Ligand code: PGA
């Protein structure tokens, strides 16, 4: 695992966009693993700018997102389907038919998770997986637990995640209590992983991910075992490292 120290959010976003851009220039048919949240928004915006200028293209890429809330349809403004269209898919030349996000509105979420896992496996797993990290060390919606989850699965969200995400909903009661998330094994099978972190409220999680014990209590700590994982964290997020 390597730690790249960025100055601030803009610097982190540009560094991440540089790596993703280089990846799709070298391998135009890259399978991207994508993340939502505030952290990657700047990276997506930078990539969209470069794509518009003709510096890179996503036309031959496909993508698999990490997670989605259970019970939200894909046109719900807080769904991750909606987020991805707004902040990335609609801004670049990727073919929307080649983008994939777990189906939060599925009648049988557990079966939909299994199907999603089969699809990611059949595609051959992401060449590059982009990740944010939660304040509690979660990746995707893999929350602190006593074991590492394997494939895509339905997760009960912790109170801290519900509270962190409530800023995006009208009230905390509107935050879904469950999500579908790629499992740790699925994430670890990506050939390259890029973790982004910004802000002092991520400093403990970044420290524990990079230097802490490998434990499901800090799901991101397992990334220490990945052969090609880069963390890009800004000064505030690196402040304990
Ligand atoms: P954030 O979320 O980018 O909105 O901080 C990251 C995460 O919880 O994985």
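The values are calculated or read from the model by the stated rules, or taken from the named source; none is laboratory data. The structure presented is a predicted model; accordingly, all values stated were derived computationally and were not measured. Counting neighbours? That spans all protein chains shown, and the Cβs are built from the backbone with ideal geometry, glycine included.
Looking at the stretch 200-227 only, could you name the residues that are surrounded by fewer than 16 Cβ atoms within 10 Å (Cβ to Cβ), under 25 Å from residue 8 (Cβ atoms) and away from the ligand (no atom under 16 Å from the Cβ)? 211, the sole residue that qualifies.
Being more than 28 Å from residue 204 (Cα to Cα), out of contact with any helix residue (DSSP H, G or I) (no Cβ under 7 Å at 6 or more places or on another chain) and surrounded by 19 or more Cβ atoms within 10 Å (Cβ to Cβ) holds for only one residue in 112, 22, 97, 122, and it is 112.
Look at (1) farther than 21 Å from residue 190 by Cβ; (2) in contact (Cβ under 8 Å) with a residue 60 or more places away in the chain; (3) in contact with a helix residue (DSSP H, G or I) (Cβ under 9 Å, 6 or more places away or on another chain); (4) within 16 Å of the ligand (Cβ to nearest atom) and you find that residue 72 fails only one, number (4).
Within the stretch 107-135, the residues that satisfy the criterion of being within 16 Å of the ligand (Cβ to nearest atom) and under 22 Å from residue 29 (Cβ atoms) are 129, 130, 131. Which of the numbered conditions does residue 241 fail, given that it passes all the others? Conditions: (1) in contact with a helix residue (DSSP H, G or I) (Cβ under 7 Å, 6 or more places away or on another chain); (2) within 15 Å of the ligand (Cβ to nearest atom). The failed condition is (2). Just checking, which of 153, 147 is touching a strand residue (DSSP E or B) at 6+ places or on another chain (Cβ under 7 Å), away from the ligand (no atom under 12 Å from the Cβ), over 24 Å from residue 13 (Cβ atoms) and at pLDDT 90 or above? Result of the check over 153, 147: 153. Return the residues of the stretch 130-145 that are on the phi < 0 side of the Ramachandran plot and part of a loop (DSSP other than H, G, I, E, B); say none if nothing qualifies. 132, 133, 134, 135, 136, 138, 141, 143, 144, 145, listed by residue number. Out of the stretch 1-57, which residues are part of a helix (DSSP H, G or I), within 19 Å of residue 87 (Cα to Cα) and more than 20 Å from the chain's Cα centre (by Cα)? Result: 49, 50, 51, 52, 53. If you filter the stretch 175-199 down to residues that are within 12 Å of the ligand (Cβ to nearest atom) and more than 15 Å from residue 66 (Cβ to Cβ), you find that the one that is surrounded by the fewest Cβ atoms within 10 Å (Cβ to Cβ) is 199.
The single condition among (1) crowded, with 18+ Cβ neighbours inside 10 Å; (2) assigned to a helix (DSSP H, G or I) that residue 72 does not satisfy is (2).
Between 172, 139, which is without any contact (Cβ under 8 Å) to a residue 24 or more places away in the chain and either away from the ligand (no atom under 14 Å from the Cβ) or within 22 Å of residue 68 (Cα to Cα) (or both)? Give the steps one after another, and end with the answer.
On the way: 139 fails: without any contact (Cβ under 8 Å) to a residue 24 or more places away in the chain.
Only one candidate qualifies: 172.
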